[in-house]
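**Q** Starting off with a structure, shown below.
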Amino acid sequence: MRIFVLILAAAISASSVAAQKIENIINAAEVERIEKVLSADDMEGRKAFTRGIEKAAAFIAGEFKKNGLQTLNNNGNYLQSFKMIRAKFLGLNASFDGTALNEKNVIAVTCKPELQINETSGYELVKIEKGANFFAEARKYAGLTRNALVIVDTSFSANFGRLTQLKSQMFQSDKSVVFVLGSEVPRQYRIEASHSIQEQPLANVVAVLPGKSLANEYVIFSGHYDHLGINSKKAVNNDSIYNGANDDAAGTTAMMLLAKYYSQVKGNERTLIFAAFTAEEIGGFGAAYFSRQLDPAKVVAMFNIEMIGTESKWGANSAYITGYEKTDMGRILQNNLKGTGFNFYPDPYPDQQLFYRSDNATLARLGVPAHTISTSKMDSEPNYHQLSDEIGTLNIPNMTRIIQSIALSARGIVNGKETPSRVDAGSLR
């Protein structure tokens, strides 16, 4: 490992304080220290909505504070708190131009216990026409950013009921969207919907290192810090805790050490945002909420890091990048690794659609060159989502080299000299 670090440090450049400090900041001892805390039994598997994940959030926030990082929007709190709203349908009455509607043909997506609207309510009237990409069009309204009555052409009747899934993906909002299966836009309408509403608090942990000359351009480093919690029904060798050492304490550890590294090197022209996402395991809600707080046009790149604790299919000193072909970001990163012996490869598991399954996906769909870096052998990773995913199964020295290599490969993007091409958002729909 010492030889690798010397090559890596030399490659960073003669200038640099970075070359002198990378081994002092990103080293196996620090990787192990953070990993041990995040994957310890007393974190109780870091499941969303539990005491364990709150404890993990406090630890991450404490590390950010210790390293002198700022809070997002200078709000004084590293916790980006929000609420998920779960709405249970109770009843509905609706009519178009005086004709009663079948309640199966109406889906109200709302955070309000009682929703009552008509043609004077100021709702935008839109239609999803026959031949459209149904779910892509419906997803435009899932964020509840505006009030809308959406008429869904009857050609989509077979899939219409699936829109109820949107009710389990709501963030707190005073806006509502009502989907109606039908052919005509009404002149007059009346919709009354009742739900029981449950609020569920969550929090990302976010820190900022302001940029200099390009402060309004953002580079994001992220990993999700939640996992599966405790299996109360089954224990293996008296162990019932899903420690999630690789998934994704490993990626969170990488993000935290990159935050520490950049906060000491202080060479970033662009603003760097470091995010530990919650609720990835139950739907990616943390990343989705985080993404909605940013202007995607200002996000130059996103390095999402997930499951880097084991060797990739190519062995040590390698990792892969999901969606490699969708931007030139992977080529930029690899070019900056010349002479180090470390290689980034395209995702070898395209059939598993990993680009769409991790926390990079929300911003990628908005055109951001947002990719996930991983080493996980998705066709043969024995500890994935198992009780055995513990720190003892990780290759800490190799994981350290991966984190160092991310720091090196990102240097042109961080200092503003390199800008990846954007994702063609239309191709993702």
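**Q** Relative contact order of the chain, please, whole-number percent, based on alpha carbon pairs below 8 angstrom and at least 6 residues apart.
**A** So the answer I get is 20 percent.
**Q** Label Lys83 and Arg51 with points 7 Å out from Cα along Cα→Cβ: what is the distance between them in nm?
**A** According to this spin-label approximation, the distance is 2.4 nm.
**Q** Could you give the Stokes-Einstein D for the stretch 147-252 in µm² per second, using the C-alpha Kirkwood radius, 4 °C, 1.567 mPa s?
**A** Values: Rh = 19.6 Å.
Diffusion coefficient, whole number: 66 µm²/s.
**Q** Using the Cα gyration tensor of the stretch 243-354, with a ≥ b ≥ c the square roots of its eigenvalues, what is the shape: rounded (a/c below 1.5), prolate (a/b larger than b/c) or oblate (neither)?
**A** Working: a/c = 1.32, a/b = 1.10, b/c = 1.20.
It is rounded, given that a/c, with a ≥ b ≥ c, falls under 1.5.
**Q** Over the alpha carbons of the stretch 288-346, what is the largest minus smallest coordinate on each principal axis, giving the biggest first in Å?
**A** Largest to smallest, the principal-axis extents are 38, 23, 18 Å.
**Q** Please work out which option in (1) 135; (2) 203; (3) 149 gives volume of the Cα convex hull per residue in Å³ calculated from these coordinates, and answer with its label.
**A** Comparing each candidate, only (3) matches the computed number.
**Q** If you split all Cα-Cα distances of the stretch 84-199 into 5 Å bins from zero, what percentages do you get per bin, shortest first?
**A** 2, 12, 25, 26, 22, 11, 2, 0
**Q** Taking a 31 Å limit on the Cα-Cα distance, which of the listed pairs Lys47/Lys112; Lys65/Lys377; Lys21/Lys338; Lys266/Lys298 fall beyond it?
**A** From the list (Lys47/Lys112; Lys65/Lys377; Lys21/Lys338; Lys266/Lys298), the Cα-Cα distance tops 31 Å for Lys65/Lys377.
**Q** With r as the distance between the Cβ atoms of Ala58 and Ala215 and R0 = 35 Å, compute the FRET efficiency 1/(1 + (r/R0)^6) and round to 0.05. Mind dumping the intermediate values first?
**A** Numbers: r = 29 Å, r/R0 = 0.82.
With R0 = 35 Å, the Cβ-Cβ based efficiency is 0.75.
**Q** So, in Å, what gap is there between the alpha-carbon centers of the stretch 201-234 and the stretch 105-130?
**A** Between the Cα centre of the stretch 201-234 and that of the stretch 105-130, the gap is 34 Å.
**Q** Quickly rank 121-132, 184-195, 368-379, 42-53 as a protection proxy: mean count of other C-beta atoms within 10 Å, highest first. Don't skip to the end; give the middle numbers.
**A** Details: 121-132: 13.9, 184-195: 16.8, 368-379: 24.2, 42-53: 20.0.
For the peptides 121-132, 184-195, 368-379, 42-53, the packing ranking is 368-379, 42-53, 184-195, 121-132.
Any read-out appearing in this document is the output of simple, stated calculations on the displayed coordinates, not a laboratory observation. Because the structure is predicted, anything quoted here is derived from the model rather than measured. No Cβ is skipped: glycine too gets one built from the backbone with ideal geometry, and neighbour counts run over all protein chains shown.
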